[in-house]
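Heads up, the thing below is written out as structure tokens.
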Amino acid sequence: MRCGKIICVGQNYRAHIKEMSSDEPIDPVLFLKPSTALIGDGRTIIIPPDIGTVHHEIELALIIGRSGRNISADKGLQYVRSVAVFNDVTARDMQAVARKAGLPWSLCKGMDTFAPISDPMPLREVGDLHSLDLELKVNGELRQKGNTAQMIFTPEELISYISRFMTLERGDIIATGTPSGVGPIKHGDEVYASIPGVGSLTNKVRNG
Ligand code: MG
């Protein structure tokens with residue numbers, strides 16, 4: 001799958017901030033994943049050796065349809081072509097070390113296969129982006145349940161903020177943050193992520 005940049009938003013749901021013992025951000029927290037991390041529905045999440053615990057994070061992804069810079073929030077959704085279910089797979093032990101040392105998250109978030117994404121759903125076919133349920137199961141067991149109404153920064157606020165600093169281009173993906181309930185995935189697991197009205201994503205996990 002080819003795309004532009006993948007811009008991820010950290011700490012955008014209060015309950016997740018609490019479970020990570022973080023402080024609520026004043027502005028959106030942003031990091032990037034490389035496009036080589038992307039995999040589609042049905043593909044396998046591969047965990048490299050010796051990286052410790054790996055976590056799932058279900059998120060709503062916005063897929064940008066046209067270029068823009070300095071986009072106002074009220075026009076933000078005009079730049080979204082489609083939306084998708086996204087899993088911000090994270091090497092959590094490595095992230096904890098990076099956080100403590102004030103180092104970047106590029107590696108713990110950016111490994112190959114660490115950005116599963118569902119088939120896109122055109123925005124015009126999706127209901128209100130501000131009241132979508134998100135649900136993630138591992139081996140059929142419910143792990144995450146949230147609603148986009150719980151976001152601190154709405155999709156259009158994120159687009160406005162990001163585009164003050166980075167030009168958004170057609171094909172860019174914005175992952176809008178995860179609700180609470182993140183937890184470990186390991187070899188042999190099956191991860192099912194769903195946003196009713198948007199789509200679903202099933203990925204097996206194996207060591208590689
Ligand atoms: Mg995330």
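The values are calculated or read from the model by the stated rules, or taken from the named source; none is laboratory data. Keep in mind that what you see is a predicted model, and the values were worked out from it rather than measured. With ideal geometry, Cβ positions are generated from the backbone for all residues, glycine too; neighbour counts draw on all protein chains shown. Protein only, heavy atoms only, side chains kept; ligands, DNA and RNA dropped before computing areas. Shrake-Rupley method; radii C 1.70, N 1.55, O 1.52, S 1.80 Å.
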Quiz prompt | Unit charges on C-beta of K, R, D, E only; dipole of region 121-167, Debye | solution = 140
Quiz item: In deg cm²/dmol, rounded to 500, what helix-only [θ] at 222 nm does the chain give when every DSSP H run of at least 4 residues adds -39500 (n - 2.57) and the total is split over its residues?
Solution: -3500 deg cm²/dmol
Quiz prompt | Inter-label distance for T202 and L142, nm, one decimal - labels placed 7 Å from Cα along Cα-to-Cβ | solution = 2.0
Practice problem: Pairs of Cα atoms under 8 Å, at least six residues apart: use those to get the relative contact order of the chain, whole percent. | Solution: 35
Practice problem: Please calculate how many Å² of accessible area the chain carries per residue, with a 1.4 Å probe and no DNA, RNA or ligand atoms counted. | Solution: 45
Practice problem: Place a +1 charge on the Cβ of each Lys and Arg in region 1-124 and a -1 charge on the Cβ of each Asp and Glu, then give the dipole magnitude about the Cα centre in debye, rounded to the nearest 20. | Solution: 460
Quiz item: Among S22, S106, S118, which one shows the biggest mean-square fluctuation in a GNM of the chain, springs joining Cα atoms closer than 10 Å?
Solution: S22
Practice problem: Could you list, in their original order, any pairs among K109/K137; K100/K137; K100/K204; K100/K145; K75/K204; K75/K145 whose Cα atoms are separated by more than 26 Å? | Solution: K100/K137; K100/K204; K100/K145; K75/K204; K75/K145
Quiz item: Got the relative contact order for region 104-208 handy, in percent, Cα pairs under 8 Å and 6 or more residues apart?
Solution: 32
Practice problem: Report the one residue of Q144, H130, W105 whose Cα lies farthest in the direction of the positive end of the charge dipole of the chain (charges on C-beta: Lys and Arg +1, Asp and Glu -1; origin at the Cα centre). | Solution: W105
Self-check item: Which of G181, M121, S67, positive extreme of dipole for the chain (C-beta unit charges)
Solution: S67
Quiz prompt | Point-charge dipole on Cβ atoms (K/R +1, D/E -1) for the chain, about Cα centre, debye to 20 | solution = 440
Quiz item: Taking the simple approach of a point 7 Å from Cα along Cα-to-Cβ for both E157 and D93, what is their distance in nm?
Solution: 3.6
Practice problem: Report, for the chain, the % of DSSP beta bridges that are antiparallel, rounded to 5. | Solution: 80
